Amino acid sequence: MNFSGSSDSRFVYYWLWMRRPILISLSNGGGQPNLSQDDLKKIWIPIPGLDEQKEIVRYLDKKTFEVDEHAMKVEEAVEKLLE
C-alpha cells in the first residue's frame, strides 16, 4: 500500500473494509487465504487531505454507531417477542 502524505488510520480502515470483496478475490491460499506483501504493495489507496479524511471518518463513525444502535433495538424487540 502506498500512501502519499499523511493518512488517518481509521480512513484507511474504512477504505479497506469497503473493498474487502476485491481484496478477498486477490488473496491466495486454501484454508486461510492471504494477501502477500507484494500484493499489498500494489494496492493504491487515494488519500484526500487529512482534514477531509477526518471529516469522512467522523461521518462514517456516526453512521456506524447509528446502525449499531438500531440493530440492538431490533435485537431487543425480537427477544421480547420470543418471551
Checklist outcome for this item: Scanning the stretch 1-13 residue by residue, those at negative phi and either free of Cβ contacts under 8 Å to residues at least 12 places away in the same chain or exposed (fewer than 10 other Cβ atoms within 10 Å of the Cβ) (or both) turn out to be SER4, SER6, SER9, TYR13
Checklist entry - Scanning for something assigned to a helix (DSSP H, G or I), of a type in the set (S, T, N, Q) and without any contact (Cβ under 8 Å) to a residue 60 or more places away in the chain, does the stretch 27-34 turn up at least one residue? => result no
Item to check | Check on LEU16, free of Cβ contacts under 8 Å to residues at least 40 places away in the same chain, surrounded by 11 or more Cβ atoms within 10 Å (Cβ to Cβ) and in a helix (DSSP H, G or I) | outcome: yes
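One line per residue, one yes/no per condition, for (1) of a type in the set (D, E, K, R); (2) surrounded by 10 or more Cβ atoms within 10 Å (Cβ to Cβ):
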{"site": "PRO21", "(1), (2)": "no, no"}
{"site": "ASN28", "(1), (2)": "no, no"}
{"site": "LYS41", "(1), (2)": "yes, yes"}
{"site": "VAL57", "(1), (2)": "no, yes"}
Item to check | Given (1) closer than 16 Å to TYR14 by Cβ; (2) exposed (fewer than 10 other Cβ atoms within 10 Å of the Cβ), number of the condition GLU83 does not satisfy | outcome: (1)
Checklist entry - among the β-branched types (Val, Ile, Thr), free of Cβ contacts under 8 Å to residues at least 60 places away in the same chain, surrounded by 10 or more Cβ atoms within 10 Å (Cβ to Cβ) and part of a helix (DSSP H, G or I): does that describe ILE47? => result no
Item to check | Criterion (modelled with pLDDT of 95 or more and part of a helix (DSSP H, G or I)) met by exactly one of LYS41, LYS54 | outcome: LYS54
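The values are calculated or read from the model by the stated rules, or taken from the named source; none is laboratory data. From a predicted model like this one, the values you see are computed outputs, not experimental measurements. Positions of Cβ are generated from backbone atoms using ideal geometry, with glycine treated the same way; all protein chains shown enter the neighbour counts.
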